[in-house]
1. Need one number: the % of Cα-Cα pairs in region 2-81 sitting beyond the 19 Å mark.
2. In cubic angstrom, how much convex hull volume per residue do the alpha carbon atoms of the chain span?
3. Given the C-alpha atoms of region 105-161, compute the convex hull and give its volume per residue in Å³.
4. Taking the Cβ of each residue in 34, 20, 138 as the centre, tally the other Cβ atoms inside 10 Å and list the residues starting with the fewest.
5. R0 = 30 Å: FRET efficiency of residue 68 with residue 20, Cβ-based, nearest 0.05?
6. Points 7 angstrom from Cα along the Cβ direction at residue 77 and residue 9: gap in nanometres?
């Protein structure tokens, strides 16, 4: 969902164009107070803020920015920008955000896959080393083999279900 904050007479036209151009519902706030109330009650992917509000109400705008949560702030000048340009800028910003999120997800998956793989390898190595100790009792060796078998099952599942994540394009 997108929040468009502008006192412009063309706000509804711009909201319809943003909805069509991005595929996301767009709400309109004509002032900062209304915008804060909407931000408190809804979650938005982007907040499009008319620069004339930034210039005329800098302190309320700054306070409003504290309520953005995960929304991307996008600054536009509705007085000189056409609706098509606003739609392009918002679409571009949403695309950048999506790529950034995919990159972060890829990094997290890669780190988790690596950590799990390293832990399983360490478990298997420890089991091998423990079994190689001279004089290990049969009971202890059997328990070590059980742990070793479980670690091998985990490794097999990791290799089967989790390919090494490839970098998103």
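1. 26 percent
2. 159 Å³
3. 57 Å³
4. 138, 20, 34
5. Efficiency, from the Cβ-Cβ distance: 0.80.
6. Between residue 77 and residue 9, the simple spin-label model gives 2.1 nm.
Bear in mind that the values in this text are calculations on the coordinates, not laboratory data. What you see is a predicted model, and the numbers here were worked out from it, not measured in a lab. No Cβ is skipped: glycine too gets one built from the backbone with ideal geometry, and neighbour counts run over all protein chains shown.
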